[in-house]
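Let me begin by presenting the structure, written as structure tokens, before commenting on it.
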Amino acid sequence: MLQVRGLTRLYDQLVAVEDLSFSVAPGEVLGLVGPNGAGKTTTLRSLCGVIQPTRGTIEIGGVDLGRDPVRAKGQIAFMPDEPHLFDYLTVEEHLRFTARLYKATGAEVRIPALLTELELSEKASALPTELSRGMRQKLVIACGLIHDPKALVFDEPLTGLDPAGIRRMKQTIVDRARQGAAVLLSSHLLHLVEEICTRVLILQRGRMVAIGTIPEILAGRPDLQGKSLEDIFLALTGSA
Amino acid sequence: MIAAALYLSRRTWANSLRVRLLRLRQPKYMVAFSAGVFYLWFMFLRRGGPVSSLGLLGPETRETVAVLFLGVILVLNWALQTSETPFPFTLAETQFLFAAPMTRRQVLLFKIFRSQMALVISAMVTVFLFRRGAWSFVTLLHALGLWLGYAVLNLNGAGMGLLRLSLAQHGVSGVRRRTGTLIVFALLAGALWWVGRQDIPVLTTAFTTGWRAGFAALSQVLHSGAGAILSWPLRAVVAPFLATTPLEFLAALPAALLVFGVHVWWVVGSSIAFEEAATDHAQRTAKRIAALRAGRGWTEPRGSRAKPLTSAALNPVGSAAGAIVWKNRLGIKREFTMRSLVLVGVATVVGVMSLRGPRTSSTDLLGAFLLFGAGMVTLLGPLALRFDLRRDLEMLEVLKTYPVRGRTVVMGEVGALLLVLALTAGALTTAAFLVTITNDTLPALADRLAILVSALAGIPAVIAVFLLVQNTSVLLFPAWVTVGPQRAVGLEATGQRLLLTIGSLLALVFALIPAALLFGAVMWLSSDLVGGPWSVALGAVAGAGAVGGECWLAVQLLGGVFDRMDPSSAGIASS
């Protein structure tokens, strides 16, 4: 569903991401982890068409993002860590607006359903300035799900959520994967990655240092047998 | 405590100056700073620069004008102030001061003291910019007098803020707590009504004769009877600023200090728990500053407590550009408050009534005002309203994730404002035509109709060019344009705006050349066929068509720029 080949992104002389290749299959949750400045955000932005790669190709649902960005973007949803919303649109208006941009079918039915699912029904007429951070985050998720995307990209999805919200968010991610979506999740919360991701990709200084299930990664490092993802991460990135 | 406030102000000023100086190492800031310095020199410092028009008036008229000015500002502050906090604390101040072992009064005193430093600098700068002749000791006294005026205004606003907060917090018991203040205000209102009832007919007659007679009559009102008592605090505050000798200044100082002292006592004596409101306000301000520093903008949640204005729901099926137009149209609608409309309405009515002469009918004046409004909407609307990429570029990361082409985004962003402004200006122009339809002194009706057609064709074309020039600036030079609803301040920002304005005007002239050529050609060719104003109308329609073609081309080009735009390198990315 998500296919990345040789992704490279330079900022002048700085190499943010170098020759990164990976894929995310339908139903899979791939965890993207790495220390600060490893290139996670650049990777996510490239995947969602926010920035253009210097080299390499990205395919979403078999559509080349560089060649046909409109069709490719129509199949993906990006949930950033910081919820950016239009100050002057209400919750429901955000959903209507997004539905129209994504040409979402059955939006009239999906909007109330999503509002209920994400517990936003009572705030349907509220402006973003009246919402708590958690609710703003939920609204971004609702906007991302309105067109039933085949691929979902989450950047730090648990930021600002309360314990109940965290549980629901984890459930939403797992449910979407079970329904056949390919999910890429970037987070510093390694226990979250360990809990819900089927595979893990570890980035450091723009390069991939490991990818696979935790047992697969451990197979290459017998010295780390029985260790947690946190230990593996620290050992592989040299942060320990 | 005063020492702490002094230390904080001193270090803040020194560090901010250091940061600004270091920033000048970047060429774009250096160029902008140089342009700002040039602007400052050209406007205010070179010989023959503007002089204060107040200084050209006689002493009595000067006092009357100053009192009137101060009074109007005070009334506007009372009537229109919506700030929820008596003093705008910064987030750091709320964190340090509110948690410190200080009484509420000490916190207020600290804040009042700190505010004065900024006011002193503002007063010095104002007097420096608008002084006549060289610096002298009297200039310094003027600055001190102006500072007193600023300080009283500032404290008065704070006192009103506390009063409003008290009423909001305590309801009926708040009214009881503030009985003294409310009685003073009731007495003031009653006295004003009494003075107005007696003197307004006299003043109206005097101003009809001429403005000198009018001001003389107003001065008389301010110095006699109840008017003298009512205006005393205002006269006391402006007197030091208007003093022309050190002796006059010294004589005026005690009364002004008394008014200042009463205000300090009023504000510091308040026991209102303002901390929560101040913290809320500080958090919002901090968000706005953070957004500005990131090159983005932030919207003050206007009327966020009120239910948003409802609007026709967007049909989920349709064009993406239409959705963006709908979104921005909604933003424009929500930005306009009832207060704005009331102010515009009152200003129009007052203007029409005051300019009405013996030979001018109200409908003619109304027509003139409507035409004036149409002109303002056409020429200033595209600059003042920023509901397009100038505002939405802060959402670049979100906009770029949408499955739409850049040209669609640009078309939608520009389209909303074009639609709203063109419809408004067109409606005003048509209304001006209609209200003067029976006027025989104007050109023939058919000719006026032709002029109306020309205007209706030309208005959208001019607005479209203005909007596209503005949006081109933000797309091509995002680091030079303030993105978001707020405007940047400072000498560099002034320089940036100056350079961008010059660039925009050049672009505008360049863009209008083909349209002007076509307009001239069609007008010349059709002049023998239809003649006079109708050939102008045909030319205008043809010119508007040419502008339409240019705009279409510009949207395609700008769409490509948008598609290639990188939030990180544009300085817009949030992280």
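The simple Förster model, with R0 at 25 Å and r as the Cβ-Cβ distance, assigns B:Leu445 and B:Phe372 a FRET efficiency of 0.70.
Inter-label distance, A:Thr213 to B:Ala213: 10.0 nm, where each label sits 7 Å from its Cα along the C-beta direction. Looking at chain A as a GNM with Cα springs under 10 Å, which of A:Thr198, A:Thr41, A:Thr105 has the largest mean-square fluctuation? The residue that fluctuates most here is A:Thr105. Restricting the calculation to Cα atoms, every distinct pair contributes to the Kirkwood radius of the range A:141-186, found to be 10.9 Å.
Measuring r between the beta carbons of B:Asn15 and B:Val561 and using R0 = 30 Å, the FRET efficiency lands at 0.20.
Where does chain A land at 222 nm, in deg cm²/dmol rounded to the nearest 500, when only DSSP H runs of n ≥ 4 count, each adding -39500 (n - 2.57), divided by all residues?
Helix contribution divided over all residues of chain A: -10500 deg cm²/dmol.
Taking 0.36 nm per residue of separation and subtracting the current Cα-Cα distance, fully stretching the chain between B:Ser122 and B:Thr205 would add 26.0 nm.
Computed from phi, the 3J(HN,Hα) profile of the range B:142-159 under the Karplus parametrisation 6.51, -1.76, 1.60 (θ = phi - 60°) reads 4, 4, 5, x, 5, 4, 4, x, 4, 5, 5, 4, 4, 5, 4, x, 5, x Hz, with x in place of Gly and Pro.
For peptide B:399-408, compute the average count of partner chain beta-carbon atoms within 10 Å of each residue's beta-carbon.
The per-residue average across the peptide is 6.
For the listed residue pairs A:Lys103/B:Lys327; A:Lys40/B:Lys327; A:Lys150/A:Lys227; A:Lys138/A:Lys227; A:Lys123/A:Lys150; A:Lys170/A:Lys227, the alpha carbons are over 26 angstrom apart in A:Lys40/B:Lys327; A:Lys150/A:Lys227; A:Lys138/A:Lys227; A:Lys123/A:Lys150. May I ask you to work out the translational diffusion coefficient for chain A at 25 °C, viscosity 0.890 mPa s, via Stokes-Einstein with Rh from the Kirkwood sum over Cα pairs, reported in whole µm²/s? So the translational diffusion coefficient is about 133 µm²/s.
In this structure, the amide hydrogen of A:Val209, modeled 1.01 Å from its nitrogen in the peptide plane, lies closer than 5 angstrom to those of A:Ile202, A:Leu203, A:Gln204, counting only residues at least 5 positions away or on a different chain. A Förster radius of 56 Å, combined with the Cβ-Cβ distance separating B:Arg105 from B:Leu419, puts the computed FRET efficiency at roughly 0.55.
Throughout, read-outs are computed from the coordinates displayed, never taken from laboratory work. Note that the structure is predicted; figures quoted are calculated from it, not measured. Ideal geometry is used to build each Cβ from the backbone, glycine not excepted, and the neighbour counts take in all protein chains shown.
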